[in-house]
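Taking it in order: structure first as structure tokens, then the write-up.
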Amino acid sequence: MKLTVKYGTREIPFQVIYRKRKSLEIRVEPPDKVTVVAPQNIPRQAIKDKVKLKGPWILRKLLEIKNVGYQEGKKEFVNGESFMYLGRTYSLQLFTDETLKKPEVKLYRGKFYITTPVKDDAVIRDAVEKWYREKAFEKIKERVNYYQQHFNMQPSKIRVKEQKRRWGSCTSKNELLFNWRCIMASLPVLDYLVVHEMCHMVHKNHSEDFWGMVASILPDYKWRRNWLKKYGIKMDL
């Protein structure tokens, strides 16, 4: 269902999705999409009132996305295409070798090198994503071990997976789950994501105690979090 509210002189159109849930969630996604996920029994006017109340935040997020210069579309796997890894951008050098069974991906002297048996974007993308996943797991595990000194409990498991709407999560059993795209961020930002989820082993919410614990480990966590909010939409294939 599509609805619109007016905030000041601006109209905010948004899509409503009803689900079996207790609370209402507002999502702002590139390029200019606003979605409300609402409980099934909530009145329409209550939804509109909530969106209007969050008007400043919604407009600010839309402006941030616009300022970043979001461009819809996937990567083109051609020579010169850019890829992010640990906060730096590397250009692609593509080679063809029909004797290979599958593409080979490596980072060497400031460039991404992909040698592939066939020039098939889907095949190459899968190989690059696999490379990112492997690197993400290695680096995240290393950073978890580094910050373990601040915690009395340990994660039951560390996993890197596909997560479209979040960078990480911590389950009730203290299993830490991370979006494989995290490895595209700079190390300070990756550290923030790691510490954030590790603090959820202690505090399962975003209370003052939770943020206080994050700040005790990373006093400058706010700029790291803001970097992610601003540039995170560029971290994709």
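Numbers below:
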read-out	value
Residues satisfying the stated conditions in the range 76-113, i.e. within 19 Å of Met235 (Cβ to Cβ), among the aliphatic types (A, V, I, L, M) and touching a strand residue (DSSP E or B) at 6+ places or on another chain (Cβ under 9 Å)	Met84, Leu92, Val105, Leu107
Total residues in the range 114-123, condition in contact with a strand residue (DSSP E or B) (Cβ under 9 Å, 6 or more places away or on another chain) and assigned to a loop (DSSP other than H, G, I, E, B)	3
Candidate set: the range 211-236, residues that are buried (at least 16 other Cβ atoms within 10 Å of the Cβ) and not in a helix (DSSP H, G or I); chosen: the one farthest from the chain's Cα centre (by Cα)	Leu218
Residues of the range 111-122 classified as in contact (Cβ under 8 Å) with a residue 12 or more places away in the chain and under 22 Å from Thr89 (Cα atoms), total	7
Residues located in the range 5-18, provided they are surrounded by fewer than 11 Cβ atoms within 10 Å (Cβ to Cβ) and farther than 12 Å from Leu59 by Cβ	none
Check on Ile183, over 13 Å from the mean Cα position of the chain (by Cα) and closer than 20 Å to Met84 by Cβ	no
Segments classed as strands (runs of 3 or more DSSP E), wholly inside the range 1-105, with at least 3 members that are closer than 20 Å to Lys164 by Cα	10-19, 25-29, 33-39, 82-85
Selected residue [of a type in the set (A, V, I, L, M) and over 30 Å from Lys2 (Cβ atoms)] from Ala127, Ala38	Ala127
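The rows are residues; the columns are (1) surrounded by 11 or more Cβ atoms within 10 Å (Cβ to Cβ); (2) touching a helix residue (DSSP H, G or I) at 6+ places or on another chain (Cβ under 6 Å); (3) more than 30 Å from Lys119 (Cα to Cα); (4) free of Cβ contacts under 8 Å to residues at least 12 places away in the same chain.
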| residue | (1), (2), (3), (4) |
| --- | --- |
| Lys20 | no, no, yes, no |
| Val37 | yes, no, yes, no |
| Gln45 | no, no, yes, yes |
| Lys52 | yes, no, yes, no |
| Phe77 | yes, yes, no, no |
| Met84 | yes, yes, no, no |
| Gln93 | yes, no, no, no |
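The numbers here are math on the coordinates, done by the rules we state, and not lab data. Just so you know, these numbers come straight off a predicted model, no measurement behind them. Quick reminder, even Gly has a Cβ in these numbers, built from the backbone with ideal geometry, and neighbours come from all protein chains shown.
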